[in-house]
Structures are given as C-alpha cells and as structure tokens.
Amino acid sequence: MEGFGVHTFQLINAEGKSSFVKFHWKPVLGLQSTIWDEALKLQATDNNYQRRDLWEAIDTGSFP
C-alpha cells in the first residue's frame, strides 16, 4: 500500500542545520489487489479469507 505522512517534520542534523521533510513511501513489490469479481467469489466461499491469509503469511515469516 502506498502511503504518506500527513505532517511535515523538522529534522536537525549534527551541525544544527534543519530541514523540513514529508515522508512518502511506495511498496517494494508494487501495487497488488484483488479485482472486485474475484473478491466477491472469495468472500462468498470463504468469508474469513483475508484474515486467514494475513495470519498464514505472518506465520511463514512473510510479514506485510
């Protein structure tokens, strides 16, 4: 998931010079999603799919 900080931060280095920064991040693996029709089918057959998929990924060391 792409994201960004809503605040602006002031960072100060060892020499006392300050800079204002905003943070934006993009996922290393790119954007991925389930298309609507596929999501409906998964939900109809297994309503707990997303929660189980998350837990299984964490158990195997593939943290989100």
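The values are calculated or read from the model by the stated rules, or taken from the named source; none is laboratory data. Note that the structure is predicted; figures quoted are calculated from it, not measured. Note that each Cβ is placed from the backbone with ideal geometry, even for glycine, and that neighbours are counted across all protein chains shown.
Observations, loosely collected:
- The stretch 1-30 - residue that is in contact (Cβ under 8 Å) with a residue 24 or more places away in the chain and not hydrophobic (A, V, I, L, M, F, W, C) and, of those, nearest to F63 (Cα to Cα): P27
- Residue in the stretch 17-26 that is among the polar types (S, T, N, Q), in contact with a Ser or Thr (Cβ under 9 Å, 6 or more places away or on another chain) and not in a loop (DSSP other than H, G, I, E, B) present: no
- Filtered by the rule that a residue be surrounded by 10 or more Cβ atoms within 10 Å (Cβ to Cβ), under 17 Å from M1 (Cα atoms) and at pLDDT below 85, the stretch 29-64 gives T34, Q50.
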